[in-house]
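Undergrad: Below is one structure. I have some questions about it.
Every number here is computed from the coordinates shown, using simple stated rules; none is lab data. None of these values were measured; they are calculated from a predicted model.
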C-alpha cells in the first residue's frame, strides 16, 4: 500500500507483553524489527534498515528454528546484500 512511514510508526509502538515467555510467542514479536527493516529499505534508508534488522537478529538468535526465525534471517541477508541499494 506504500505507507511505509506509517507502518514504521506503528511497529515502533509494539511492545512485548511481560507475560510472554514462550519462544514461539517471543519470535513473532521479534519479527517486527525485520518488517521495519523492509520498510526502511523501501524508503531508501539502508543504514536504518541495517540497524533494525540487526536488532531482530540479536533478539531471535537464541530462539529455536521456526518460520519466524527463518524470515528474520532472510531479511538480514537481503538488507546486507551487496546488491541491495
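Undergrad: Calculate I(q)/I(0) for the chain by the Debye formula, one identical point scatterer on each C-alpha and no solvent, and give its log10 at q = 0.24 Å⁻¹ to two decimals.
TA: Those come out to -1.15, one per q.
Undergrad: Calculate how steeply helix 46-60 sits against the longest principal axis of the alpha-carbon atoms of the chain, using the helix alpha-carbon long axis, and give the answer as 0 to 90 degrees to the nearest 10.
TA: With both axes taken from Cα atoms, the answer is about 10 degrees.
Undergrad: Still on this structure: Looking only at 63, 50, 36, which one moves most when the chain is put into a Gaussian network model with springs between Cα atoms under 10 Å?
TA: Checking each option, the largest mean-square fluctuation is seen for 63.
Undergrad: Let me ask you something else. Stretched out fully, how many nm does the piece from residue 28 to residue 13 gain, at 0.36 nm a residue minus the Cα gap?
TA: Values: separation 15, 0.36 × 15 = 5.40 nm, distance 1.50 nm.
Roughly 3.9 nm would be gained on extension.
Undergrad: What residue among 75, 60, 19 shows peak mean-square fluctuation when the chain is described by a Gaussian network model with Cα springs under 10 Å?
TA: The residue that fluctuates most here is 19.
Undergrad: Over the chain, with a Gaussian network built from C-alpha contacts below 10 Å, which listed residue (41, 20, 11) shows the highest mean-square fluctuation?
TA: 20
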